[in-house]
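*Asks:* Take this structure first; my questions come after.
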Amino acid sequence: MQQIFNFIIRNSNRLLFLLLLGISLALTIQSHSFHRSKVISSANFLSGGVYERINHINEYLNLRTENDELVLENARLKSLLFNKEDTTKLPAPDSVKGVKPADIIVSKVIHNSYNRHENYITLNSGANDGIKPDMGVINSLGIIGVIDNTSPRYSTVVSILNMKSQINAKLKKSNHFGSLTWDGKSTGFVQLEDVPRLASVKKGDTIVTGGQSVIFPEGINIGTVDVVYKKEGTSYYVIKVKLFNDMTNLGHVYIIKSKDREELINLEKKEKDE
């Protein structure tokens, strides 16, 4: 203990300088959006590299499990190949939810948090691949989240398991809209709030994206109705939604480009300025 005190006394000037430098840098970053954005971008780049290396190690350790899954997938594809009735039901790639292949960026999850109140996902694609903030992220089962920040090679996603996330969604059968949120409890369920009590809702009904934003196209799967609550003091329902996705086990994802996004943003900006 005495040696620690002696070290502090001998280097008091250096330590004081480093402390004041740290405080000044923190104040500069907090008070200037440009500096803050550069720090966030650099942090994404560094953390993305670390997460990607950890992901490579995990992939190597899980090769046997992945091989088993590939065998099952190959068996399923072969059964489709030799079953004409099933193969005719497969939708053409350029007609799925009205999204063309040219408007989709394929990426891979290299880090996924799901045990916090504000969860984020890291992808191994970034600005160099055409990814921008506020793009929607989905996979073959449904929605994953929304792009938050990007660096040249990586990007972070606000997961739907994030208490700050709000996504426009609706009942597929009746088109009654609501706001999709998460209460921070179960990783398998989210909540659809502000659905009018006039809506006919029952367990098992499908919930999809509403299409009232430029982030997700209309009709992307989310989950099914599990429980319906009446929100006290209002004329609205709160619906507990069981997700199609297992948000604790994500692999490849698809980032959706929106050609109309810039046009809509500029239009809304003009309306606010007038």
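Please treat every number below as a calculation from the coordinates, not as lab data. Because the structure is a prediction, the values reported are computed rather than measured. When we count neighbours, we look across all protein chains shown, and the Cβ atoms used for this are built from the backbone with ideal geometry, even at glycine.
*Asks:* What is the count of Lys pairs in the range 164-214 whose alpha carbons sit under 23 Å apart, if the two are 8 or more places apart or on different chains?
*Replies:* Number of lysine pairs found: 10.
*Asks:* Okay, moving on. With the crude spin-label approximation of a point 7 Å out along Cα→Cβ, what separation in nm comes out for L15 versus I54?
*Replies:* 3.1 nm
*Asks:* 7 Å from Cα along Cα→Cβ at both K185 and K132: what's the point-to-point distance in nm?
*Replies:* 3.9 nm
*Asks:* Can you give me the distance in nm between label points at T224 and R116, each placed 7 Å from the Cα along the Cα-to-Cβ direction?
*Replies:* Inter-label distance under the simple model: 3.3 nm.
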